[in-house]
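Engineer: Pasting a structure below so you can have a look.
The values are calculated or read from the model by the stated rules, or taken from the named source; none is laboratory data. Remember, it's a predicted structure, so these values are computed and weren't measured experimentally. Note that we place each Cβ from the backbone using ideal geometry, even for glycine, and neighbour counts take in every protein chain shown.
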Amino acid sequence: MDRKRWQWRTREETLFARGLRRDASKTERRLWPHLRGSAMGAPFRRQHPIGRDFVDYCCVPLRLVVEVDGPAHDAGRDSLRDARLAASGYDVLRFSVQEMDENFEGVVSTIYDAIQVRLMAREE
């Protein structure tokens with residue numbers, strides 16, 4: 001893979017990420033307005049590549065990943081993926097679609113709290 005220094009992803013990765021964003025689930029679309037830009041005090045990206053993985057939402061400056069797990073998610077594969085992300089320096093917050101449907105405000109509050117803890121730690 002021949003990348004220039006300023007290129008952090010290939011065209012294929014960019015097209016793949018665009019497809020994931022276009023085909024986002026209803027739950028992912030519901031969460032995005034709460035994360036987009038810096039709505040919670042830190043900037044998030046959707047379908048962001050980290051290594052060989054594409055994560056649902058990523059706050060690069062705080063090294064925080066938010067994943068929304070549908071019924072098709074495999075816990076074994078997710079734990080391996082989380083380990084790869086942790087090895088890259090990212091913490092993962094993982095929520096099921098069911099949890100988001102039953103307690104959406106609680107999920108948003110948990111994400112907000114995690115962001116605030118990381119922001120306060122950066123100030124120290």
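Engineer: Residues of region 42-94 being modelled with pLDDT under 95, closer than 19 Å to Arg29 by Cα and out of contact with any strand residue (DSSP E or B) (no Cβ under 7 Å at 6 or more places or on another chain), which ones?
Structural biologist: Matches in region 42-94: Pro49, Gly70, Pro71, Ala72, His73.
Engineer: A further question follows. Is it true that Tyr112 is in a helix (DSSP H, G or I) and among the aromatic types (Phe, Trp, Tyr)?
Structural biologist: For Tyr112, the condition - in a helix (DSSP H, G or I) and among the aromatic types (Phe, Trp, Tyr) - is met.
A quick yes/no check of all residues on (1) closer than 28 Å to Thr10 by Cβ; (2) surrounded by fewer than 17 Cβ atoms within 10 Å (Cβ to Cβ):
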residue: Pro49; (1), (2): yes, no
residue: Arg52; (1), (2): yes, yes
residue: Leu62; (1), (2): yes, no
residue: Ala75; (1), (2): no, yes
residue: Leu80; (1), (2): yes, yes
residue: Leu85; (1), (2): yes, no
residue: Tyr90; (1), (2): yes, no
residue: Ile111; (1), (2): no, no
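Engineer: Condition first: surrounded by 15 or more Cβ atoms within 10 Å (Cβ to Cβ) and touching a Phe, Trp or Tyr at 6+ places or on another chain (Cβ under 6 Å). Can you find one or more residues in region 101-109 that meet it?
Structural biologist: Scanning region 101-109, I find at least one residue that is surrounded by 15 or more Cβ atoms within 10 Å (Cβ to Cβ) and touching a Phe, Trp or Tyr at 6+ places or on another chain (Cβ under 6 Å), so the answer is yes.
Engineer: Then there is this: Can you spot a residue in region 86-105 that is farther than 19 Å from Gly51 by Cα and hydroxyl-bearing (Ser, Thr, Tyr)?
Structural biologist: yes
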